[in-house]
1. Which one is right for this structure if log10 I(q)/I(0) by the Debye sum over Cα atoms at q = 0.08, 0.13, 0.14 Å⁻¹ is calculated from it: [x] -0.26, -0.68, -0.79; [y] -0.30, -0.74, -0.84; [z] -0.66, -0.90, -0.94?
2. Classify segment 119-177 from the C-alpha gyration tensor, please: rounded if a/c falls under 1.5, else prolate or oblate depending on whether a/b exceeds b/c.
3. What is the local net charge at G120, summed over the other residues whose Cβ is closer than 13 Å to its Cβ (Lys, Arg +1; Asp, Glu -1)?
4. When the Cα centres of segment 100-151 and segment 155-192 are compared, how far apart do they sit, in Å?
5. Pairs of alpha-carbon atoms within less than 8 angstrom and 6+ residues apart define the contacts here; what relative contact order does the chain have, in percent?
6. Stretch H17-V45 to full length: gain in nm at 0.36 nm per residue minus the Cα-Cα span?
7. What percentage of the solvent-accessible surface of the chain, computed with a 1.4 Å probe over protein heavy atoms, is contributed by carbon and sulfur atoms?
8. What order, most packed first, do the peptides 2-9, 46-53, 177-184 have when packing is the mean number of other Cβ atoms within 10 Å of each residue?
Amino acid sequence: WSERAELGEAYLAASDHAYGGPEGAAEADAGFAARIRAAQAFIHVSDTPGRDILEATSAADAIGGLAAAAKALGADPALYSLDSSRPETPRARMLAEDIARIVHGRLTHPRWIAAQLAHGWRGAAELAEAVDTLFVFAASTDAVSDGLFDAVFEAWCADAAVWDRIEAANAPAAAAIRARLADAARRGLWTS
């Protein structure tokens, strides 16, 4: 892809089918795009304790896909992340606020980084997955500021001791992190 609208088109193509009817047939439903065009907000609900929206690209695919589709259709719904892991006290945040909270509270926290790297190759793979997810959000929404990429870069790549541990634990994950950050810069998603 070269433009966000292409991501929106791909989301619609993958999501605009209604299932049911005779023999469970799937048919494209033009009404889905109309609903997205008319949406004022999109609320993504997470109900798993101990997991957040930067843990895997599934949340970024859903939220970002809808956001990119909405922009391509001329809409700009507000994007919310709702943590309902404690049903008695749900927490709703704007998407940009939640991403920033997670980057500063988890991804760049020295104790979290050390704990991940204590898991060796798997911990380094988790770091690479977090960068992938941040990239997906940056590509598909306006919720990722340059400062968030800067913070991750400073905490992981610019810290020689941390970077040496990442490379020693999982060289392919380190290469993937480096490549994803370079791609973000090349595509204009990150200006340091």
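The values are calculated or read from the model by the stated rules, or taken from the named source; none is laboratory data. Just so you know, these numbers come straight off a predicted model, no measurement behind them. All Cβ positions, glycine included, derive from the backbone under ideal geometry; neighbour counts span all protein chains shown. For accessibility, only protein heavy atoms count, side chains too; no ligands or nucleic acids. Shrake-Rupley method; radii C 1.70, N 1.55, O 1.52, S 1.80 Å.
1. [y]
2. Because a/c hits 1.5 or more and a/b fails to exceed b/c, segment 119-177 counts as oblate.
3. That sum, taken over residues with Cβ under 13 Å, equals 0.
4. 10
5. It comes to 20 percent, rounded to a whole number.
6. Extra length from H17 to V45 when fully extended: 7.9 nm.
7. 53
8. 177-184, 2-9, 46-53
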